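The values are calculated or read from the model by the stated rules, or taken from the named source; none is laboratory data. Here the structure is a predicted model, which means the values were calculated and not measured. Note that we place each Cβ from the backbone using ideal geometry, even for glycine, and neighbour counts take in every protein chain shown.
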């Protein structure tokens with residue numbers, strides 16, 4: 001708050017001279033008599049001294065008293081200061097209407113700072129009805145008097161089209177006026193306007209000027225350009241230095257970006273503890289909250305804590321962050337840190353999917369395919385999967401391709417199936433590469449091409465983390481059974497029948513390669529209805545991905561008829577609640593029967609269940625080690641890893657995190673074991689940069 005300066009000599013000027021040498025007691029002595037006699041300049045200065053505690057004890061009430069004395073004489077400086085008191089609640093209750101009233105009086109008397117304050121209140125609708133036209137009028141008046149902040153704010157109105165049509169050219173002109181006079185905020189605003197208008201070289205120049213003046217937003221956005229290598233040569237070390245400078249000023253976006261660099265190990269040594277420190281500083285931002293969720297979910301620099309992960313995801317999800325909504329949906333889907341609740345998972349997936357989050361869209365598609373938490377519908381599944389597939393999400397492309405190839409409700413379209421499976425395969429999706437190889441081998445939707453088949457199998461093998469468990473097996477022969485089950489054709493070389501909804505295809509090992517058997521579905525159902533447990537089991541396999549209730553029905557029937565493979569399958573269905581209510585104790589019963597017959601996956605899951613006391617009376621590490629050892633001895637890699645943890649008193653996974661797929665290569669257990677990819681965590685951290693002016 002400025003002191004009034006003299007226009008003539010005398011006691012008032014002597015008081016100014018005393019104040020200039022910081023002798024406020026002398027100034028007070030000289031000005032008090034003048035103020036009491038009605039000198040508005042002296043009254044204003046006594047107000048400033050009482051407000052600031054200069055030569056007196058700070059006293060807002062006395063300050064306001066003297067300001068009012070001067071204001072009643074239309075002294076604009078005091079009118080403005082009274083506006084500030086009501087605006088900020090200094091010595092009086094905050095009253096924005098009163099603040100606007102006093103700012104207007106001062107502005108109408110030509111006080112530039114009051115013009116700026118009044119314009120801001122109209123701009124933001126504080127104490128007055130929001131009115132961009134009035135805001136523009138007062139910003140323009142202040143700008144005409146050389147107020148750089150008003151010039152900048154007037155530019156913002158033109159840029160954003162508030163109260164008028166957007167005019168980026170006029171905005172740039174106004175920003176340039178203030179920027180050229182060293183106004184760092186205008187330098188920043190001009191920089192991002194040019195950055196986003198394909199004039200990035202000049203944009204970088206203005207951002208650098210602003211950053212060199214210490215503006216945290218400019219340092220952060222310039223750092224982001226170095227991070228991405230946009231308009232400048234990519235340099236993580238330059239990005240880190242700029243982010244750190246802004247972060248140390250308390251700018252949350254920079255703190256988050258610095259956390260991301262530590263999380264990724266870019267420009268700094270990877271350090272999850274340091275990443276967490278910076279994310280916590282920026283934890284008001286939803287992206288930082290989501291990143292903390294990832295840290296606790298994956299145990300990055302901390303102990304794995306699903307509850308903490310879910311809590312952080314919820315904070316960000318409640319603010320509308322799509323990736324957090326997706327990840328919170330995952331938590332509810334698998335019961336990580338929250339009770340398992342598929343309907344709640346669907347709610348969060350849908351919120352994220354409606355923001356075009358591809359992983360949530362894919363998850364909704366798979367839930368519709370399973371009939372889990374939503375009505376089973378291949379049509380709805382295809383709709384959601386296609387939305388994600390069109391965003392180049394490989395998992396969605398692959399699942400959509402399989403649905404178009406193998407669906408029952410949806411019309412089969414082999415050309416589209418090949419298109420989407422190929423799209424996923426070209427992104428390095430190993431399962432898609434395998435399936436594309438199989439389609440070339442069998443002539444399904446493409447011409448039979450052994451060379452092309454081998455190419456895709458080889459690419460898939462390179463993708464496998466265990467170093468090539470998949471082995472290409474030649475086709476020894478294909479057997480097509482008639483409607484009564486008789487073998488009617490062997491060594492058949494053509495493509496498989498066009499409609500997979502009418503046939504059931506099985507593959508088994510022969511002496512020199514795979515033997516495919518193709519049965520008529522109607523005949524298989526007839527055999528199952530007659531009590532053939534193998535037919536019942538085959539039908540449970542057939543319906544596994546098509547109709548969960550039907551798959552459970554046939555697995556239960558086959559298991560009751562003594563089919564050991566069906567007992568294993570039934571155990572998995574009880575464990576996952578697939579086609580039936582979840583029942584962990586029944587899962588243990590049926591999985592034990594399969595495990596005793598040497599099924600490695602059943603042994604592995606039993607080990608996990610005993611380790612965590614799931615479906616059994618009590619946690620039993622000895623039994624956990626026993627079953628896990630049996631699975632590990634069969635070369636099942638997850639069991640080998642789990643055994644090391646158990647032997648050191650730790651266990652980290654839960655049953656069903658690995659899914660089963662029916663084998664087409666005749667392995668001894670009749671199943672493939674794959675990591676569960678029916679939900680998709682979004683774990684990539686974000687780099688923040690602003691799109692709006694300040």
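Looking at segment 674-684, can you tell me whether even one residue there is at pLDDT 75 or above, out of contact with any helix residue (DSSP H, G or I) (no Cβ under 6 Å at 6 or more places or on another chain) and on the phi > 0 side of the Ramachandran plot?
no
Can you name the number of the only condition in (1) touching a residue at least 24 places away in the same chain (Cβ under 8 Å); (2) closer than 26 Å to residue 259 by Cβ that residue 314 fails?
Failing condition for residue 314: (1).
Name, by its number, the condition in (1) over 33 Å from the mean Cα position of the chain (by Cα); (2) modelled with pLDDT of 85 or more; (3) on the phi > 0 side of the Ramachandran plot that does not hold for residue 579.
Every listed condition holds for residue 579 apart from (1).
Please find, within segment 517-563, the residue that is surrounded by the most Cβ atoms within 10 Å (Cβ to Cβ) out of those that are without any contact (Cβ under 8 Å) to a residue 40 or more places away in the chain and assigned to a loop (DSSP other than H, G, I, E, B).
563
Has segment 269-291 got any residue that is at positive phi, outside any helix (DSSP H, G or I) and modelled with pLDDT under 95?
Within segment 269-291, not a single residue is at positive phi, outside any helix (DSSP H, G or I) and modelled with pLDDT under 95.
Report yes if residue 164 is at pLDDT 90 or above and under 24 Å from residue 139 (Cβ atoms), otherwise no.
no
Quick one: in segment 255-266, which of the residues that are touching a residue at least 40 places away in the same chain (Cβ under 8 Å) and in contact with a helix residue (DSSP H, G or I) (Cβ under 6 Å, 6 or more places away or on another chain) is surrounded by the fewest Cβ atoms within 10 Å (Cβ to Cβ)?
263
Hey, can you tell me all the residues within segment 104-113 that are in a helix (DSSP H, G or I), within 18 Å of residue 147 (Cα to Cα) and touching a residue at least 24 places away in the same chain (Cβ under 8 Å)?
The answer is 106, 107, 112, 113.
Restricting to segment 602-615, and then to whatever is part of a helix (DSSP H, G or I) and more than 13 Å from residue 575 (Cα to Cα), can you tell me which residue is nearest to the chain's Cα centre (by Cα)?
Checking each candidate, the answer is 612.
Being closer than 26 Å to residue 268 by Cβ, part of a helix (DSSP H, G or I) and out of contact with any strand residue (DSSP E or B) (no Cβ under 8 Å at 6 or more places or on another chain) narrows it down to one of 170, 185, 238, 202, so name that one.
238
Residue-wise test of (1) farther than 19 Å from residue 246 by Cα; (2) in a loop (DSSP other than H, G, I, E, B); (3) in contact with a strand residue (DSSP E or B) (Cβ under 7 Å, 6 or more places away or on another chain).
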| site | (1), (2), (3) |
| --- | --- |
| 149 | yes, no, no |
| 157 | yes, no, no |
| 163 | yes, yes, no |
| 193 | yes, no, no |
| 206 | no, no, no |
| 211 | no, no, no |
| 222 | no, no, no |
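Kindly evaluate residue 359 against the criterion of being under 18 Å from the mean Cα position of the chain (by Cα) and at pLDDT below 95.
yes
For residue 242, all conditions in the list (1) crowded, with 20+ Cβ neighbours inside 10 Å; (2) over 18 Å from residue 323 (Cβ atoms); (3) modelled with pLDDT under 95 hold save one; what is the number of the exception?
Only one criterion is unmet by residue 242, namely (3).
When you check residue 466 against the structure, is it over 27 Å from residue 364 (Cβ atoms), at pLDDT below 65, within 31 Å of the chain's Cα centre (by Cα) and part of a loop (DSSP other than H, G, I, E, B), yes or no?
When the stated conditions are applied, residue 466 passes them.
What are the residue pairs meeting all of these: first residue in segment 437-456, first residue on the phi > 0 side of the Ramachandran plot and in contact (Cβ under 8 Å) with a residue 40 or more places away in the chain, second residue part of a helix (DSSP H, G or I) and surrounded by fewer than 17 Cβ atoms within 10 Å (Cβ to Cβ), Cβ atoms under 8 Å, and 6 or more apart or on different chains?
Cβ pairs passing all conditions: 445/415.
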